[in-house]
1. Could you check the stretch 394-414 and list, in sequence order, the residues that are in contact with a strand residue (DSSP E or B) (Cβ under 9 Å, 6 or more places away or on another chain), among the small types (Gly, Ala, Ser) and touching a residue at least 24 places away in the same chain (Cβ under 8 Å)?
2. So residue 1 fits all but one of (1) more than 57 Å from the chain's Cα centre (by Cα); (2) in a helix (DSSP H, G or I); (3) among the aliphatic types (A, V, I, L, M); (4) modelled with pLDDT under 80; what number is the exception?
3. Go through the stretch 158-176 and report how many residues are touching a strand residue (DSSP E or B) at 6+ places or on another chain (Cβ under 7 Å) and in a helix (DSSP H, G or I).
4. Consider residue 38 carefully, then state whether it is at pLDDT 80 or above, open to solvent by 70 Å² or more (accessible area, probe 1.4 Å) and in a loop (DSSP other than H, G, I, E, B).
5. I'd like to check something: does the stretch 8-23 contain any residue that is open to solvent by 30 Å² or more (accessible area, probe 1.4 Å) and under 47 Å from the mean Cα position of the chain (by Cα)?
6. For the subset of the stretch 385-399 comprising residues that are hydrophobic (A, V, I, L, M, F, W, C) and open to solvent by 60 Å² or more (accessible area, probe 1.4 Å), which member is farthest from the chain's Cα centre (by Cα)?
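The values are calculated or read from the model by the stated rules, or taken from the named source; none is laboratory data. As the structure is a computational prediction, the values presented were derived from the model and not from experiment. All Cβ positions, glycine included, derive from the backbone under ideal geometry; neighbour counts span all protein chains shown. Just so you know, the surface numbers come from the protein's heavy atoms only, side chains and all, with ligands and any DNA or RNA stripped out. Shrake-Rupley method; radii C 1.70, N 1.55, O 1.52, S 1.80 Å.
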Amino acid sequence: MSLPVEIVFGVYLGVITGIVPALVAGTLGFVFKYVTDVTIPGLGVVVLSLAIAGVNGGLLALNDETIRSSERAPAILTAIVVVLMISMYAHAQGDRLGASVPKRISLKQLRDRTLSTDVIELVGGRGRVSVEVAGEVNDMEGYPPLPADTRRAILDGDWTFPADLPLAELEDRFAERLRTELDLADVAVRIDEQARATVSAAPPTGALSKRVPAGKRAVSVSALVPTGIARGDVVRVVTPDLDAEGAVIAARSSGEPEPGAGAPPAPDSPGGDGATPDPDEDARTDGGEAEVAAPPAATAPTTTGGEGRVTLALDRSEAAALLRADRGRVLVLSRGTRREYELTALLRRAGKRFRKVSVVADGPLDGHTIGEAEVRETYDVAVLAARHDSWRVAPDGSQPLSAGDDLFVVGSRDALDRFAEVAA
């Protein structure tokens, strides 16, 4: 046969005999790179491929005596070259795949869904997403139907969140915001990759009773109400027969003292008999107007001062005694200084800032402890809290870190930026 025909025949033999060596070389390249992070030397791939190809070629020669002929030397040389080319290519692809596949894949990472980039808006260099409630707001099974105005508030609300959250956390934040702003009893939210939300909600039930601690009684008293009282404040009510302290669970004031503030309210006025007022009225503040739900970051509703009524959570004995009083004097008690606010103020005056970051896979923190990574010495930041399996405040150097862990770090703005670029 002519030389071109021999070369074509050699290519054919090389493809036939090179399939198995290529599969073996690619598989070994992937396994070695993934498990040991070591690349098999090219000489080892050549020797292994030729050995496997020799076995295949020997089997072909047994079936076809013409392959053993000396005139087939060009075809055999061509087949060897083709086998080596295929094997080296397969090994390179397996090695590259072993380097790119994540070393640690958790069920949480597989479950986390993310938003589509089409719905993310960039505002001030940060991404945000506006969640749109799709379809109708469904009722929760076992609860009364949702009022029409609440459905309309959910559908027409402006629900904006950071875009760097997994969908599972975004659903939790949306549900918590709905529960907080609209005082809903229960909420179920499902958000897809296009930021379309399916919402099921239950109306508020027992607006006042659910705020009364176990073993306490809610009692209202008429008084000159100080300005700025909000739910949760601790006050002291002084009457001729009783001096009681309790947490405020509802308050209402007129905004200015009435001319007859010194006299008890008329019997037909709201709460004039000292009994517990209607829960819907107790939840009102600012001159009796319905309480307007505010975003979580907004200040809680407070009284504007003047004549009004305060509802407290008291023990049974104190509640019975306070019910017999027509009026009382309300004194707001100090709850002390919030130490976390003092800490924040001190750090800010020192030029430090807070930031929440997540440990990146294959980064300098992944698979190490805080002490091994020398976070403070290397990046000039301090770890205030870390979440590995659960949150741990002020972790020591033995705290393990892995990809996906959340950290609260404090440091200068430049140090935090450097830390976020390199490690998180």
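1. Of everything in the stretch 394-414, those that are in contact with a strand residue (DSSP E or B) (Cβ under 9 Å, 6 or more places away or on another chain), among the small types (Gly, Ala, Ser) and touching a residue at least 24 places away in the same chain (Cβ under 8 Å) turn out to be 397, 398, 403, 404, 411, 412.
2. Checking residue 1 against (1) more than 57 Å from the chain's Cα centre (by Cα); (2) in a helix (DSSP H, G or I); (3) among the aliphatic types (A, V, I, L, M); (4) modelled with pLDDT under 80, the one that fails is (2).
3. 6
4. Details: at pLDDT 80 or above: yes; open to solvent by 70 Å² or more (accessible area, probe 1.4 Å): yes; in a loop (DSSP other than H, G, I, E, B): yes.
Yes, satisfied.
5. Within the stretch 8-23, the first condition is being open to solvent by 30 Å² or more (accessible area, probe 1.4 Å), and the residues that meet it are 8-9, 11-12, 15-16, 19-20, 23.
Those left that are additionally under 47 Å from the mean Cα position of the chain (by Cα): 23.
Looking for residues that are open to solvent by 30 Å² or more (accessible area, probe 1.4 Å) and under 47 Å from the mean Cα position of the chain (by Cα), one finds at least one in the stretch 8-23, hence yes.
6. Just the residues of the stretch 385-399 that are hydrophobic (A, V, I, L, M, F, W, C), to begin with: 385-386, 391, 393-394.
Going one step further and asking which of them are open to solvent by 60 Å² or more (accessible area, probe 1.4 Å), we end up with 391, 393-394.
Numbers: 391: 13, 393: 18, 394: 21 Å.
Applying the filter and picking the extreme gives 394.
Let's see how each residue does on (1) of a type in the set (A, V, I, L, M, F, W, C); (2) open to solvent by 70 Å² or more (accessible area, probe 1.4 Å):
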site	(1), (2)
354	yes, yes
374	no, yes
401	yes, no
415	yes, no
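Quick grid of which residues meet (1) closer than 22 Å to residue 199 by Cα; (2) at pLDDT below 75; (3) under 25 Å from the mean Cα position of the chain (by Cα):
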residue	(1), (2), (3)
74	no, no, no
87	no, no, no
91	no, no, no
94	no, no, no
104	no, yes, yes
107	no, yes, yes
121	no, no, yes
124	no, yes, yes
134	yes, no, yes
